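To start, the structure itself, in structure tokens.
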Amino acid sequence: MAAQKVAAVTGASRGIGSCIAAELAARGYLVACLSRKGLGPEDRTRSDEETTNSADFACDVGDDAALKSAFKAVHDRFGRIDLLVNNAGQHDEGKSADYTTDAFEKLLRVNTTAVFAASREAYPYLAETRGQIINMGSYYDKLGVRFHAAYCASKAAVAAIGRCLAVEWAKAGIRVVTVAPGFIGTDLNQTHMDNDRFRDFITKRIPSGEIGTPEEVAKLVAGIADENLHFLNGETIYLDGGQGMNH
């Protein structure tokens, strides 16, 4: 009987990360939920599958030592790591003329540098299992968006890192894919959706007129992991309802 696969998900406590952890657990993965608090999902109650198939680990993705320690702890607990989902991230916006260098670099530290650092620390474990990395990007990686220079740059860099690691680590059997969601409804952007003007603007930009859900993102991530397609490598897959191509 094949060993149960193990997935490590960063930023697993809320929103999309929480749903990804739940979906993977429901599909039979042992899921290591990594978050700064190390307390598991904050936005819902764990399912029976999660209770059985997941464990929580404290990890600040902006801290190299914490990343190294967390992945060792996951490997010590489960004996293997087959999948890393680099989901942890932050969203920030501000007028570029006033946006400080410190704020810019802080956002990149979490959204971009941490993706590279987590992948590096997970590398030896993933090489053992010929595993996968799925990075969470954004359709903003190809758009010009006012007040979002730092965020757009951070997500464009995530896709670039994914392409480079995919090429470099292919001989080790590690595949890297970036999933780039469009506008997804979560508790983090509920304030925007409560604004009638913004809601009208965003739904008009999406051809179907409907925003995406965290569950859809989770199913795409889990589907990529489940299918284990050895020839799918280095690509960015957009899940944005066609908004990015709508003109």
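Laid out as a table, the results:
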item	result
For HIS192: the one exception among (1) assigned to a loop (DSSP other than H, G, I, E, B); (2) surrounded by fewer than 16 Cβ atoms within 10 Å (Cβ to Cβ)	(1)
Complete set of residues in the range 15-45 that are among the aliphatic types (A, V, I, L, M), open to solvent by 10 Å² or more (accessible area, probe 1.4 Å) and farther than 16 Å from ARG77 by Cβ	ILE16, ALA22, ALA26, LEU39
Test: residue in the range 124-138 that is among the acidic types (Asp, Glu), closer than 23 Å to GLY212 by Cα and open to solvent by 30 Å² or more (accessible area, probe 1.4 Å)	no
Failed item, numbered, when ASP48 is tested on (1) touching a residue at least 12 places away in the same chain (Cβ under 8 Å); (2) surrounded by fewer than 22 Cβ atoms within 10 Å (Cβ to Cβ)	(1)
Residue satisfying condition, being acidic (Asp, Glu) and either under 15 Å from the mean Cα position of the chain (by Cα) or surrounded by 15 or more Cβ atoms within 10 Å (Cβ to Cβ) (or both), within set GLU227, GLU235, GLU210	GLU235
Test set (1) among the small types (Gly, Ala, Ser); (2) in a loop (DSSP other than H, G, I, E, B); (3) more than 17 Å from the chain's Cα centre (by Cα); (4) over 30 Å from ALA149 (Cα atoms) - GLY40 fails condition number	(3)
Of all residues in the range 47-68 being under 20 Å from the mean Cα position of the chain (by Cα), at pLDDT 95 or above and assigned to a helix (DSSP H, G or I), the one that is nearest to ALA22 (Cα to Cα)	LEU67
In the range 75-92, the residues that are open to solvent by 30 Å² or more (accessible area, probe 1.4 Å), touching a residue at least 12 places away in the same chain (Cβ under 8 Å) and closer than 22 Å to THR129 by Cβ	HIS75, ARG77, PHE78, GLY79, ARG80
From the options LYS72, LYS95, LYS142, LYS106, residue that is open to solvent by 70 Å² or more (accessible area, probe 1.4 Å) and modelled with pLDDT under 95	LYS142
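The values are calculated or read from the model by the stated rules, or taken from the named source; none is laboratory data. Model, not experiment: these values are computed from the prediction. With ideal geometry, Cβ positions are generated from the backbone for all residues, glycine too; neighbour counts draw on all protein chains shown. Quick note on the areas: whole protein, heavy atoms, side chains included, nothing else; ligands and nucleic acids left out. Shrake-Rupley method; radii C 1.70, N 1.55, O 1.52, S 1.80 Å.
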